[in-house]
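Engineer: Below is the structure I would like to discuss, written out as structure tokens.
No value in this document is a laboratory result; all are computed from the given coordinates. Being a predicted model, the structure only gives us computed values, none of them experimental. Here Cβ is always computed from backbone atoms with ideal geometry, including for glycine, and neighbour counts include all displayed protein chains.
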Amino acid sequence: MDAQPRATADSTRIDPALRVVVGVDGSAGSLTALRWAMHWALVRGAEVAVLAAYPTVAYWTDAEIVDLGALDAVHDDTWARARAAVDAVRDSDSAVRDVPVSLHVEPGPAAAQLVRHSADADLLVVGSRGRSAVRSALLGSVALHSVSAAECPVVVVPLPGRWTEPRADSRVVVGIDGSERSAAALSAALTEAGPGGSVTAVRSHDVTDPWGDGYGVAGAAALQQVHEGALQRMEALLGQLLLASAGEHPVVRRLSLTGPAGPVLVEQAAEADLLVVASRGHGEFRGLVFGSVALHCVVHAPCPVLVVRPAARQLPTLTLVDSAAST
């Protein structure tokens, strides 16, 4: 990497087909997100664009910084910290040492800059909490803004836990509700799992919800019919996705369960490497920022969560050859 602070990219930078943007701010959460993004890039042959933002306003006085020398110093310090973060990940993880990385240092709020860069990205990766997050907040403001407004799929990465970094045979859980958005989520889940991985497609039914499929169920037999119908619809959806593709595909398991969608998905993701959800499904209220199910998942899931937004550009799909889904 070029040693000059004003340089913004590796001298050996290549131009792969996929580009993943990740925000760093020096926090433990952003370092974890950076490591995840670099492993995703390693598996997918992508470039990592590391974005670090710096303030142009003195927030304690709400006054703009007008001393250009001071702004230059803040810029250079931010660049140095971003480079140090990349070096730290490369030094501690030899597998990602050769992943192509470019550095981008931008003035202004981090959330706004990440959303702006998402317009040219295939994936945006953020930590669940950054350096400036309020301790009492359930989700960092940068992560919340990113999943609400990004123009590409967003992965929210929690601090290290049981989950592992992306690989070619990942264990993926995906939420399904019958909407077009959840169909896009299922397609993304198949791609992220890879041919050697596994996908668990989950349809939940909250029988206490008057707008849910299970409302008015009088007994176990009727509830069983609800689950059987859901499994049939999931099988049909899987058949459509795989029939239009060619190539090997992951093993797919279908589950129809009783309970609120958010908690059900988080429970099923206990042993997963990735949880995939649509940003808004059938049962969401219009007033919520990006959907209560997705919000519950990014706050509580023990693994990284991929949020597929309806109006956003979607991840390129894998080429599949076998049209038969394993269920």
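Engineer: Could you rank the peptides 96-107, 141-152 by their average count of other C-beta atoms within 10 Å per residue, with the highest value first?
Structural biologist: 141-152, 96-107
Engineer: Further question on the same structure: Collect residues whose amide H, placed 1.01 Å from N in the peptide plane, falls under 5 Å from the amide H of Glu47; neighbours closer than 5 in sequence don't count.
Structural biologist: Those lying under 5 Å, H to H, from Glu47 are Leu18, Arg19, Val20.
Engineer: Still on this model: Using amide H atoms built 1.01 Å from N in the peptide plane, name the residues 5+ places from Gly197, or on other chains, whose amide H lies under 5 Å from its own.
Structural biologist: Ser170, Val251
Engineer: Hey, another quick one. Amide H of Glu106 versus every other amide H placed in the peptide plane: which residues, excluding those fewer than 5 positions away on the same chain, fall under 5 Å?
Structural biologist: Counting only residues 5 or more places away or on other chains, the set is Ala52, Ala53, Tyr54.
Engineer: If you plug each phi of segment 262-276 into the Karplus form 6.51 cos²θ - 1.76 cosθ + 1.60 with θ = phi - 60°, what whole-Hz ³J(HN,Hα) values come out, in order, with x for Gly and Pro?
Structural biologist: So the Karplus estimates, Gly and Pro as x, are x, x, 4, 5, 4, 5, 5, 8, 4, 10, 8, 8, 7, 10, 10 Hz.
Engineer: Could you run the Karplus curve 6.51 cos²θ - 1.76 cosθ + 1.60 with θ = phi - 60° over segment 165-174 and give me ³J(HN,Hα) per residue in whole Hz, x for Gly and Pro?
Structural biologist: The phi angles translate into 5, x, 8, 6, 9, 7, 9, 10, 10, 9 Hz.
Engineer: How large is ³J(HN,Hα) for each residue in segment 188-203, as worked out from phi by the Karplus curve 6.51 cos²θ - 1.76 cosθ + 1.60 (θ = phi - 60°), to whole Hz, x for Gly and Pro?
Structural biologist: 5, 5, 4, 5, 5, 5, x, x, x, x, 9, 10, 10, 8, 10, 10
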